[in-house]
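The values are calculated or read from the model by the stated rules, or taken from the named source; none is laboratory data. As the structure is a computational prediction, the values presented were derived from the model and not from experiment. Neighbour counts are summed over all protein chains in view; Cβ atoms, including those assigned to glycine, are modelled from backbone coordinates with ideal geometry.
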Amino acid sequence: MELRELQKQEAIKRLEIIEKVNNVHHNVLKEFKQDESIYYSERINSNFDGILYWIKNKLEFVDAVQEIEDKYNLFVYHCILNHMQNGLWLSMLFVSNEPENWTQEQEKLKDGLPVAYVYDFGGYGSEFGTIQIAGTNGGLTRLN
């Protein structure tokens, strides 16, 4: 089986984890399984947090995900959008291209510390890292 298909199967496992651990709405996993639909959770403020949208509704987000997947051979399965002072940050939760790391990445996800690529639309610098997440309103919120 080729890497992309293995990454997709791993993405399903991770979506199952966030559904169970973070109480993410069941449509996120269901629609990913159906047609690889990716959702993003948006945070505007503490009252409007974790709201789910399809990434396909925002061409700039689709393009950003495609760019990062192609550039680094990753598989993005969910994103979190934050409105920051310097613009938008799109934190992309992904499956790496190194299957030997997947078990560890899953364990970190269960602890609310997934690996992510944070795409900075403000132009100040995008980067890889670990972010802290929690479930809210059927979606995810980024805590750090």
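Can you tell me which residues in the range 49-64 are surrounded by 20 or more Cβ atoms within 10 Å (Cβ to Cβ) and touching a residue at least 40 places away in the same chain (Cβ under 8 Å)? Step through it out loud before you land on a result.
If we filter the range 49-64 for residues that are surrounded by 20 or more Cβ atoms within 10 Å (Cβ to Cβ), which is where we start, we get 50, 55, 61, 64.
Correct list: GLY50, ALA64.
I'm checking my understanding of the structure. Among residues of the range 115-144 that are in contact (Cβ under 8 Å) with a residue 60 or more places away in the chain, assigned to a strand (DSSP E or B) and of a type in the set (Gly, Ala, Ser), which one is surrounded by the fewest Cβ atoms within 10 Å (Cβ to Cβ)?
Applying the filter and picking the extreme gives ALA134.
Within the range 17-43, residues that are without any contact (Cβ under 8 Å) to a residue 12 or more places away in the chain and among the charged types (D, E, K, R) have Cβ atoms under 8 Å from residues that are surrounded by fewer than 16 Cβ atoms within 10 Å (Cβ to Cβ) and part of a helix (DSSP H, G or I) in these pairs: GLU19/HIS26, counting only partners at least 6 apart in sequence or on another chain. So which residues in the range 1-48 are buried (at least 17 other Cβ atoms within 10 Å of the Cβ) and at pLDDT below 95? Result: ARG43, single match.
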